[in-house]
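Beneath this line is the structure, given in C-alpha cells, with notes to follow.
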Amino acid sequence: MNDQNDIKEFWNTKHRRNEILFLSGHPGSAIIKGLYIESLIEELQKHPSEVLEIGVGLGICTQDLKNLGFSISCVDISPEALARVENITDRRI
C-alpha cells in the first residue's frame, strides 16, 4: 500500500466485510475506558461540545458520544465507514 487509493480500498474492503478492527465491536463505553479518557468525556459533558472523531470504524463510539449529547463531525478515509454513521453525525468529512 503505497498510495492513498490503496489505503482507501483496504479500509473500504474491511468495512464492506464487517471485519472487526482494532477496538471495533466493543461498546463505546469500554473503548473510552480502555483509552483512559473517561475524565475528559465527563469534563466535556459539562459544556455543550463538538467532537471531531477521526476514523469512525463501525460507528460504535460515534453513537455513544451522540447519546452523551455531543455534536459530532467525522473524518475517515473510507466512504463505507462514513456511510455507517450518516444518520448519527452532524457532519462527515
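Under 5 Å between amide hydrogens, built in the peptide plane, is the criterion, and for Ile72 it picks out Val51, Asp90, Arg91 among residues at least 5 positions away or on other chains. Ordered by 1.4 Å accessible area with all protein chains kept, Thr62, Thr13 run largest first as Thr13, Thr62.
The values are calculated or read from the model by the stated rules, or taken from the named source; none is laboratory data. In this text the structure is predicted, and so the values were computed from the model without any measurement. These area figures cover heavy atoms from the full protein model, side chains too; ligands, DNA and RNA do not enter into them. Shrake-Rupley method; radii C 1.70, N 1.55, O 1.52, S 1.80 Å.
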